1. Using only Cα atoms, tell me the angle between helix 232-266 and the longest principal axis of the chain; keep it within 0 to 90° and round to the nearest 10.
2. Rank-order 202-215, 178-191, 267-280 by packing density, defined as the average count of other C-beta atoms within 10 Å over each peptide's residues, highest first.
3. Residue farthest toward the positive end of the dipole of segment 38-169, with Cβ of Lys/Arg at +1 and Asp/Glu at -1: which of 66, 85, 120?
4. To test your reading of the geometry: what angle, between 0 and 90 degrees and rounded to tens, separates the Cα axis of helix 121-136 from the longest principal axis of the chain?
5. How would segment 69-120 be classified by its alpha-carbon gyration tensor: rounded, prolate or oblate, with rounded meaning a/c under 1.5 and the a/b versus b/c comparison settling the rest?
6. I need the phi-derived Karplus couplings for segment 395-408: 6.51 cos²θ - 1.76 cosθ + 1.60, θ = phi - 60°, integer Hz, Gly and Pro marked x.
7. With no solvent and one point per C-alpha, what does the Debye sum give as log10 I(q)/I(0) for segment 51-196 at q = 0.17, 0.18, 0.21 Å⁻¹?
8. Let's see if you can work this out: charge +1 on each Lys and Arg Cβ, -1 on each Asp and Glu Cβ, no other charges. What is the dipole magnitude of segment 56-157 about its Cα centre, in debye to the nearest 20?
Amino acid sequence: MLQQYTKEFSYNIKLSVPVIMGMLGHTFVQLADNIMVGQLGTAELAAVSLGNSFVFIAMSLGIGFSTAITPLVAEADGAGNKNNAKSALKHGLFLCTILGLALFCAVYLAKPIMYYMKQPEEVVKLAMPYLNLVAFSLVPLVIFQAFKQFSDGMSQTKYAMYATVLGNVINIVLNYLLIFGTFGFPKMGIVGAAIGTLVSRVVMIVFIWFLLNRNEKLKGYVTNFNFRKIEQAVIKKLISLGFPSALQMFFEVAIFTAAIWLSGVLGKNAQAANQIALNLSSMTFMFGMGLGVAAMIRVGNQKGLKNFKELRRIGQSIFLLTFFLEIFFAILFLWGRNWFPTLYLDLDDALNISDNSEVIILAAKLLFVAAFFQISDGIQVVVLGALRGLQDVKIPTFITFVAYWLIGFPVSFYLGLHTSLGSMGIWIGLLTGLTASAIMLYIRFNYLTKKLILSS
């Protein structure tokens, strides 16, 4: 019985590993920024956290919207329809470019909100110039996502990984040169980290297009676009899938962003600890995200073939693989919760030794809670990917809103700000919301697949 699911593990892993590596690449940009900026002090680390909290919200909308491209391409590829796949990419690029520019403008105009958020004054002052450049990097990032989602939909998941690895190398080198002013470069502090992020994301677009153009099978899909001919029906289809998908990701990222802001109310050390725990959790979450993309691709292929029994079996095999993987991560977090935070701070800094010690203790407590929500977080994002492969997006959007904002956020707000739990209470709320989301989304997948099998 179990073998019918486990026999899919090797292909699921083969398909998802490049996606996971690419997803980890985005998080690794933040990890590199955090570790290098953390050497400057807790205020600088908190400033990067605050600045990125605005960008993460916008990024979630951009990345979430771009995921509409993958199921359309996967279904077209499964049905052998090249024109539909190319059309999905062309119209996706058009919409993603507009969206990237709109998100940059929105973040830029939202900057003054920082002054009204009860955040430490020194943190806000440092965050402002950093945010300008990182906000602009949203434009190339969302355009890159359009190419990435197309590539994933064609089951060519390795190209985005290669582009992201190159982007990371460039980001780390520029960080080293510009944050600390090494080899004669100007010492720019956290603004140097922002420049590294922007340049790396521009390079990623150029490189992924170069790789796709070199592939004989894919070359025809990524060249000779006629953007003067935009079809309203395709635009409507992408928006009908992309807008709810963007909201799904927005609702989840926004509650984690709210955790950053709530932590800021508790002080810069609580905010820095939250950033460390969030960064580590984000890295393990990318494994779930990668498996979610594999679920979206494989479910989309089976939908194109109209083989709904296989669709259900393959979907459940990916859920089971995710469950095993997330248990491993939970154990890892419990084991290393006291050591991982020490990687982010300079323990030999005599001037900040008190702040750094407090941050490490707080972060260890948050990682204890994070160990338990690994499982819920992984399951919910993989089931969400499978539902996107089915092109079912409206009900899951409602589910994520209820789970995160009607269940999770009130718990975070009350336990974090009105009990002695503080930061740990905020993360207990996150755990509650993720668990509710995982349960309700799985019920939805179970219902839909049974219905499709009975009607076929």
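The values are calculated or read from the model by the stated rules, or taken from the named source; none is laboratory data. None of these values were measured; they are calculated from a predicted model. Because the Cβ atoms are built from the backbone with ideal geometry, glycine has one as well, and the counts that use them run over all protein chains shown. Ligands, DNA and RNA are stripped out before the accessible areas are found, and what is left, the full protein with its side chains, is counted by its heavy atoms. Shrake-Rupley method; radii C 1.70, N 1.55, O 1.52, S 1.80 Å.
1. Roughly 20 degrees between the two axes.
2. Ranked from most to least packed, the peptides come out as 267-280, 202-215, 178-191.
3. Sorting the options by dipole projection puts first 85.
4. Tilt of helix 121-136: around 30 degrees.
5. Note, shape of segment 69-120 comes out prolate.
6. The phi angles translate into 5, x, 4, 5, 4, 5, 4, 4, 5, 7, 9, 9, 10, x Hz.
7. -0.97, -1.04, -1.20
8. That gives segment 56-157 a dipole magnitude of about 180 debye.
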